Amino acid sequence: MRAWRFLMQRTRMRSVNSSACIERRIGTSSSLVFMTSWTLFCKEARSRIEIPSFCLVAMCLAVAGPVVGDRVSFTNRQQWILDASELRDAFQIDRVRFLNDFVSNGYGLLTLNESEECFVLQRGEPSAGDPKACVGAGTGLGECFLTSSQRPVGVAPNATPQYDAYPTEGGHVDFAPLNELEMELLRYLQDKFGDSGHRVSVERVVSGRGLVNLYEFLRQKYPDKVQPSVDRAILEANDGAATVARYVYECGLCAQAMRMMMDIYGTECGNAALKYLPFGGFYIAGGIAPKNLEWLQEGKSDFLKRFREKGRVSTILRRIPIKVILAEDLGLRGAHVVAARMAADVRQPSAATEVVQKRKRSWSASRARFIEHTERLIYIAGLTGILGSCVYTAASLCWWHYQRLRRS
């Protein structure tokens, strides 16, 4: 079952600054249940918003899967397919947009109160308006980047730049080992997931499942260090990564697995930083980093060392601000940011588009009137038929009674 969090905001068309009015978390197991849940959520919202002209103008969904055009096929629910045009028609919403869930995290960066919701790993030299990047290990390894739009003519030079986020599949780049132990890990993962020539993505190492892969590799390499009770708990757990993290101070193999993952995490974050040069900020999201902050810091792992050690360009990476995001609702916030932008976009349609829209509205109104009149005619015809049947039955009874009286 997939859990959806719905957030509806009361918004003035020319401003995105307004308060959220209703939020719900709903479990859904199919697209049909999703549609039903959304319908009920909308009804509840309508009852809470005391505005006669209330209507839905924008909808943004953060989804776990690749977004192609206006359609999405979920990676974790392959039978699920959602189409934006179908949602527009079904719920009479002007604008509907799907976002990759990690792109939604990217937009969520724009809502952060960084003094309270971020932990600074490296202050660097932040530069407003420069690109931002976000990498997050959790169930998988997600990556995205943000760039600011060009400043419109007439806008003050010191105005806050507006950023847009873009998806990548950076978590699926090849895992590149840097020492002999990591070379052995690569060969172990190649054998586990394919053959000796099989590629291994960095997500196989830097993720929740990756932490379990690391533990399984180490327990095979160092069988004398295995603690039977801990080993059994990890292998039988539904969430093996959380179990490994729980025993890092009791089990040497768990601690080594965590350290190795953080080292490799640092390498991949450094690689991403070289590609995007995010002097606007490099943000680490996902469920793993905020729950294991000390393992990102010097002394517990080589995360920062591996992030910075890039040969001749190492000095560049020391200038990039690195922050760990502590907020847990980043994706929901990001979808909210995009929906608010969509609702605030009041650009007038072109003449041709307006003509088409008027025709559609006229046709919809005509069809509604036709259906209404047809229903009335059917009702009247049915009622007339029933009255006619009653009159005929009454007349037949009277005639029968009359004939009986004549015979007597």
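Please treat every number below as a calculation from the coordinates, not as lab data. Treat the numbers as computed from the prediction; the structure is a model and nothing was measured. Glycine also receives a Cβ, built like all others from the backbone with ideal geometry; neighbour counts cover every protein chain displayed.
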(message) Under the 0.36 nm per residue contour assumption, what length would be gained going from the current alpha-carbon distance of Y222 and H198 to full extension?
(response) 6.2 nm
(request) Beta carbons within 10 angstrom, averaged per residue: use that to sort the peptides 256-269, 370-383, highest first. (result) 256-269, 370-383
(request) Mind giving me the nanometre distance, one decimal, between the label points for E116 and E294, set 7 Å out from Cα along Cα→Cβ? (result) 2.6
(request) Give the long-range amide H neighbours of L326: residues separated by 5 or more places, or on another chain, with amide H under 5 Å away, using H modelled in the peptide plane at 1.01 Å from N. (result) C118, F119
(request) Kindly list the residues of segment 302-335 that lie in the label zone of R95, defined by a backbone N under 19 Å from the point 7 Å along the Cα-to-C-beta vector. (result) 332-335
(request) Grab the Cα-Cα distance for E180 and D70, subtract it from 0.36 nm times how many residues apart they are, and report the gain in nm with one decimal. (result) 35.0 nm
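Suppose the chain between S229 and S148 were pulled fully straight at 0.36 nm per residue; how much longer would it get relative to their current alpha carbon spacing?
Contour length minus the Cα-Cα distance gives 24.0 nm.
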(request) With θ set to phi - 60°, apply the Karplus curve 6.51 cos²θ - 1.76 cosθ + 1.60 along segment 198-212 and write out the HN-Hα couplings as whole Hz, x wherever there is a Gly or Pro. (result) 6, 6, 10, 7, 5, 5, 5, 10, 9, 4, x, 5, x, 5, 5
(message) What distance in nm lies between label points placed 7 Å from Cα along the C-beta direction at Q162 and S47?
(response) 3.7
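Residues with beta-carbon under 13 Å from that of D239, excluding D239: net charge, scoring Lys, Arg +1 and Asp, Glu -1? Walk me through the numbers before you get to the answer.
Numbers: positive: R209, R246, K291; negative: E236.
Charge balance in the 13 Å sphere: +2.
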